[in-house]
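The structure under discussion appears below in the form of structure tokens.
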Amino acid sequence: MSRVEALLAELAPGGVEFKMLGEVGEFIRGSGLQKSELTDSGIPAIHYGQIHTTYGTWTEHTKSFTAPDRAARLRRAKTGDLLIATTSEDDAAVAKATAWLGSGEVAVSGDAYIYRHTLDPKYMAYFFQSQHFQDQKTRYITGTKVRRVSGVSLAKVRIPVPPLEVQREIVGILDRFTRLEAELEAELEAELEARRRQYSYLREELFANLADGHVPRVAFGDFAEIFRGKRFTKADYVETGGVPALHYGQIYTDFGTVARQALSWVRPEMASRLRYARPGDVVLTDVGETVEDVGKAVAWMGSDAVAIHDHCYVVRADVDPVYLAYYMQTGAFVAAKSKHIARTKVKTLLPEGLRRIEVPLPSREEQERIASILDKFDALVNDLSVGLPAELAARRKQYEYYRDRLLTFEEAV
């Protein structure tokens, strides 16, 4: 018998009483605190949006503050109150809650409720995460694009109210489980970051070893044909039957070092006025928000040509395209390209500058060997990148199942 079961047998042998939230507390709407009124010092303050983005199950400290004279005119939560965000575009996030455990009061914005209640504050916060709560609140959500729930409706939600000692025992168990989950996440992310650093070091070393004077360094303009793509917009996209197309933004968000399949298609009547990368070409962006972003490259290894956006350059050369794409990730290439970037609000790699950048060009056999080594390490890192979210998702499901089991009680008759 678990400690929770033993306590229930002793303190609530006939089952647990269920009550409506309105019976064990009151909902107090926050007041009109704007984001522009948040400061780095002053009176602790929480904006409803921060409940979604910044805070977890509970918090003792705030990330932001507001001026004392402004706080005096706002509604404030006391230690032990629950802070509830009442709006979201996602039903699952409506009524996301965090328990305020700080030593003093905290000012709370509109679109949030202060729920002042008589239960253990962490127990209440964990209940708001449970499937039992989610199932009940869903029937009260209103709105179209912005979804919301009212305090009047939340007051009708039923919560199991075991003895306080049982509430605290459950909180202790869930706190430990939460810590273990956080530690696992940190360990897995640290392992992934270590592999990324190893990969980066290996890549830099492989190319640095070519700088011994025996490998020729050749400017892009001397070994490659370079040309810009042609403009198309999202309005030109079609679902099927179009021309395969590669938008410059996809190089940042959707592709790694190699791309083998287009993710977008544009209207077929545009075909004659577009420009194309052939299989074996390298495609790179000419713009970015930072110097590091500009010139991100992908080797196009698809079976057919692909239309290229006008914020891309195509590099066509008799070199191994994957080797070239990997070289364009190195610190040496970043340093070289930085001399040829126009630094306006959007950074732009100038075409004549690109043509002057030199690349170490060993034999084709050596290029392929280096590309093969980096492919293997890249695959290992990518496998970890995919496996990490899957592992965390599995642990999260396990935790959610256990939490919901702990918060399920036989109701007293």
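The values are calculated or read from the model by the stated rules, or taken from the named source; none is laboratory data. This is a predicted model, so every value here is computed, not measured. Methodologically, a virtual Cβ is constructed for each residue, glycine included, from the backbone with ideal geometry; neighbour enumeration extends over all protein chains shown.
Looking at Asp383, Asp318, Asp375, which one is under 29 Å from Glu205 (Cα atoms), outside the structural domain of Phe127 (by TED's automatic domain parsing), surrounded by fewer than 16 Cβ atoms within 10 Å (Cβ to Cβ) and over 32 Å from the mean Cα position of the chain (by Cα)? Can you show your working first?
Details: Asp383 fails: over 32 Å from the mean Cα position of the chain (by Cα); Asp375 fails: over 32 Å from the mean Cα position of the chain (by Cα).
Being under 29 Å from Glu205 (Cα atoms), outside the structural domain of Phe127 (by TED's automatic domain parsing), surrounded by fewer than 16 Cβ atoms within 10 Å (Cβ to Cβ) and over 32 Å from the mean Cα position of the chain (by Cα) holds for just one of Asp383, Asp318, Asp375, which is Asp318.
For region 97-154, name all the residues that are part of a loop (DSSP other than H, G, I, E, B), touching a helix residue (DSSP H, G or I) at 6+ places or on another chain (Cβ under 9 Å) and of a type outside the set (Gly, Ala, Ser). Show your work before the answer.
Residues of region 97-154 part of a loop (DSSP other than H, G, I, E, B): 101-105, 110-111, 118-120, 130, 139-141, 143-146, 149-150.
Of the ones still in play, those that are also touching a helix residue (DSSP H, G or I) at 6+ places or on another chain (Cβ under 9 Å) are 101, 105, 110-111, 118-120, 130, 139-141, 149.
Within region 97-154, Leu101, Glu105, Asp111, Thr118, Leu119, Asp120, Arg139, Tyr140, Ile141, Val149 qualify.
Ser64 is checked against (1) more than 19 Å from Pro160 (Cβ to Cβ); (2) in contact (Cβ under 8 Å) with a residue 40 or more places away in the chain; (3) of a type in the set (Gly, Ala, Ser) and fails just one. What number does that condition carry?
Failed condition: (2).
For region 142-177, give me each residue that is hydrophobic (A, V, I, L, M, F, W, C), under 27 Å from the mean Cα position of the chain (by Cα) and surrounded by fewer than 16 Cβ atoms within 10 Å (Cβ to Cβ).
Taking region 142-177 as the starting set, the residues that turn out to be hydrophobic (A, V, I, L, M, F, W, C) are 146, 149, 152, 154-155, 157, 159, 161, 164, 166, 170-171, 173-174, 177.
Filter once more, keeping what is under 27 Å from the mean Cα position of the chain (by Cα): 146, 149, 174, 177.
Of everything in region 142-177, just one residue is hydrophobic (A, V, I, L, M, F, W, C), under 27 Å from the mean Cα position of the chain (by Cα) and surrounded by fewer than 16 Cβ atoms within 10 Å (Cβ to Cβ), namely Val146.
Could you look through region 321-344, keep only residues that are within 30 Å of Thr233 (Cβ to Cβ) and of a type in the set (Lys, Arg), and pick out the one that is surrounded by the most Cβ atoms within 10 Å (Cβ to Cβ)?
Selected residue: Lys337.
Return the residues of region 38-49 that are under 10 Å from Ala71 (Cα atoms) and without any contact (Cβ under 8 Å) to a residue 60 or more places away in the chain; say none if nothing qualifies. Even if it seems obvious, please write down each step before you answer.
Taking region 38-49 first, the residues under 10 Å from Ala71 (Cα atoms) are 42-45.
Correct list: Gly42 only.
For residues that are within 18 Å of Asp304 (Cβ to Cβ), under 35 Å from the mean Cα position of the chain (by Cα) and of a type in the set (Gly, Ala, Ser), tally how many sit in region 213-271.
The qualifying residues number 7.
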